[in-house]
Amino acid sequence: MKRLRKRLIVWLFDHSQRLYTNWFKHHSGWQVNRDDLLQFPEGTLGNALGAFLLHNQFQLIPKVERHDAYHVLTGYGTQVEDEIALQYLCFGNGKRSPYLLGAIVLGTLLLPDHLKFYIKSYRMGKASHPFHQLDYEKLLGVPLDQLRSVFFGSRPLPNIKNLSII
């Protein structure tokens with residue numbers, strides 16, 4: 001039953017993403033692709049983002065590239081419960097959007113057994129310096145460790161093991 005609920009969430013993410021980017025995102029996408037990102041020096045956000053995309057066999061999605069930067073910055077994986085927890089973290093950090101709120105509500109209703117993880121993520125976002133509003137395209141050349149220390153201090157990141165390639 002849990003597997004079915006996860007598949008439903010993935011299906012909803014996949015199908016709502018196009019609508020959301022077309023209706024709510026009116027800015028242009030980044031002017032880089034995965035291969036460009038991999039050309040950034042090792043240890044930078046850009047290179048780590050490229051490695052994350054390559055490892056997961058993803059490409060940047062125009063207009064919502066920042067979401068993948070959040071994954072790299074925070075260490076959250078791409079499992080459904082990690083995606084929902086990342087939304088909780090962003091909510092705690094002050095981000096508000098219809099998509100975020102929908103993901104939190106649906107994710108909590110369909111996967112309530114991860115509520116402790118979600119609440120821990122919310123608290124981590126609340127305790128962190130604001131990072132949700134930044135233009136990450138301009139930060140691609142900044143060392144990832146430096147960004148993490150600015151936003152999260154010395155607090156351990158919850159799922160950093162999922163990004164062992166970085």
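Listed values, structure above:
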| item | result |
| --- | --- |
| Checklist (1) in a loop (DSSP other than H, G, I, E, B); (2) open to solvent by 30 Å² or more (accessible area, probe 1.4 Å) applied to Tyr76, failing item | (2) |
| Selected residue (criterion: modelled with the lowest pLDDT) from residues of the range 14-51 that are closer than 16 Å to Leu139 by Cβ and among the β-branched types (Val, Ile, Thr) | Val32 |
| Output for the range 85-100, where each listed residue is at pLDDT below 95, assigned to a helix (DSSP H, G or I) and either open to solvent by 10 Å² or more (accessible area, probe 1.4 Å) or within 13 Å of Lys120 (Cα to Cα) (or both) | Pro98, Tyr99 |
| Neighbours by Cβ (under 7 Å, 6+ apart or cross-chain): first from the range 71-96, in contact (Cβ under 8 Å) with a residue 60 or more places away in the chain; second open to solvent by less than 10 Å² (accessible area, probe 1.4 Å) and of a type in the set (Ser, Thr, Tyr) | Asp82/Tyr76; Ile84/Tyr118; Ala85/Tyr76; Ala85/Tyr118; Ala85/Ser121 |
| Flag for Gly125 being open to solvent by less than 70 Å² (accessible area, probe 1.4 Å) and not in a helix (DSSP H, G or I) | no |
| Number of positions in the range 128-156 that are in a loop (DSSP other than H, G, I, E, B), surrounded by fewer than 17 Cβ atoms within 10 Å (Cβ to Cβ) and either among the acidic types (Asp, Glu) or within 17 Å of the chain's Cα centre (by Cα) (or both) | 6 |
| Per-region count, the range 104-113, residues open to solvent by 40 Å² or more (accessible area, probe 1.4 Å) and of a type outside the set (D, E, K, R) | 4 |
| Count of residues meeting criterion [of a type in the set (A, V, I, L, M, F, W, C), within 23 Å of Gln133 (Cα to Cα) and modelled with pLDDT of 95 or more] in the range 52-82 | 5 |
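The values are calculated or read from the model by the stated rules, or taken from the named source; none is laboratory data. Just so it is clear, the structure is predicted and the values come from calculations on it, not from any experiment. Reconstructed Cβ throughout: ideal geometry from the backbone, glycine too, with neighbour counts over all protein chains shown. Each accessible area value is taken on the protein alone, full model and side chains, heavy atoms only, with ligands, DNA and RNA left out. Shrake-Rupley method; radii C 1.70, N 1.55, O 1.52, S 1.80 Å.
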